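See below for the structure under consideration.
Here, each number is a calculation from the coordinates, and none is a lab measurement. This one's a predicted model, so the numbers in the text were calculated from it and none came from an experiment. Every residue, glycine as well, gets a Cβ built from its backbone with ideal geometry; the counts of neighbours run over all protein chains shown.
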Amino acid sequence: MLRIVTLVSGGGTNLQAIIDGIENGSIENTEIVRVISNKADAYALERAKKHGIDAKAVVRKEYPDKEAFHEALISAVDEVKPDLVVLAGFLVVLPLKMIEKYRGRIINIHPSLIPSFCGNGFYGLKVHEAALARGVKVTGATVHFVDEGTDTGPIIRQKAVEVQEGDTPEILQKRVMEQAEWIILPGVINDIACGKISLS
Ligand code: GRF
C-alpha cells in the first residue's frame, strides 16, 4: 500500500481528484494517510475530513520563528511515515531538510508545461495570466519531482491543453485543471503505486 501525505494551501481540487481516484479504483493500492495545510481555513482540509482522512494545519504564525515552523511541518510529515509526499497547490517553500530527507519521493503539480511559465512568482492564476499575455496556443500541466529549486525537478508527466479564443485566466485555469491536472496527478500516483514509476 502506497502511503501518501498531501500538502495543500487552497481549494483542494487536485486533492479531491486523488480522493476520487482512490475511491473509484482508478488509483490502486494507495492510502492518503494525512493532508497538511499551512492555512487552517483551506477548503482542502474540509475535503479530507469529509472522507475521514487525517487533516492537520501547520500555520506559520503559530510558531515563534521559521525554524520552529519548518520543524513542525517536517514532524507532521514524518509522524505518518509516508512513502510519497504530494504537493497539490502548496504555496510554502519546503525546508531544505525536508527535500533532502524525502529526495526522490516528493512530487508537485504545476499548471503549465514546464519550463514555460514556472519558477518564482508563477503560481495559481498568475501562470495562466502569463500564458495568455504571451499568446501561447497550447498550455497544460506538469507533474515533476521536487528538488531545491522552484519547479525545477525532473519532469514525470505532462499533458497539453488548447488555449481558446476569449479565454480569461479563470476559464483557462479551469480547463487546465479538468483536462490535465486532475488526470496526470492521479495517473502518476497510480503508476508509482503500481511500480510503473520507481521512487529513489
Ligand atoms: C492548481 O492549479 C495547481 O496546479 C497549483 O495550485 C492549484 C491548486 O489548486 N499548484 P487546488 O487547491 O488543487 O484546487
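Structure above, values below:
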quantity: Spin-label model distance (nm) - Glu148 vs Arg3, 7 Å beyond Cα toward Cβ; calculated: 2.9
quantity: Student exercise, the chain dipole from Lys, Arg, Asp, Glu Cβ charges, in Debye to nearest 20; calculated: 100
quantity: Stretchable slack from Tyr63 to Ile197, in nm (0.36 nm times residue separation minus alpha-carbon distance); calculated: 44.5 nm
quantity: Lys137 versus Lys50: modelled label distance in nm, points set 7 Å from Cα along the beta carbon direction; calculated: 3.9
quantity: Burial order of peptide ranges 160-171, 22-33 (average beta-carbon count within 10 Å, highest first); calculated: 22-33, 160-171
quantity: Karplus-derived HN-Hα couplings along region 81-86 (A = 6.51, B = -1.76, C = 1.60, θ = phi - 60°), whole Hz, x at Gly and Pro; calculated: 6, x, 8, 9, 10, 10
quantity: Debye intensity ratio I(q)/I(0), log10, the chain, q values 0.12 Å⁻¹ (C-alpha model); calculated: -0.57
quantity: Entries in Lys81/Lys196; Lys97/Lys137; Lys126/Lys196; Lys101/Lys196; Lys101/Lys174; Lys66/Lys159 that, when Cα-Cα distance is taken, lie over 30 Å; calculated: Lys97/Lys137; Lys126/Lys196; Lys101/Lys174; Lys66/Lys159
quantity: Principal semi-axes in Å for region 144-200 [√(5λ), Cα gyration tensor, largest first]; calculated: 26, 15, 8
quantity: Using a Förster distance of 30 Å, the FRET efficiency for Asp20-Thr168 (Cβ separation, nearest 0.05); calculated: 0.70
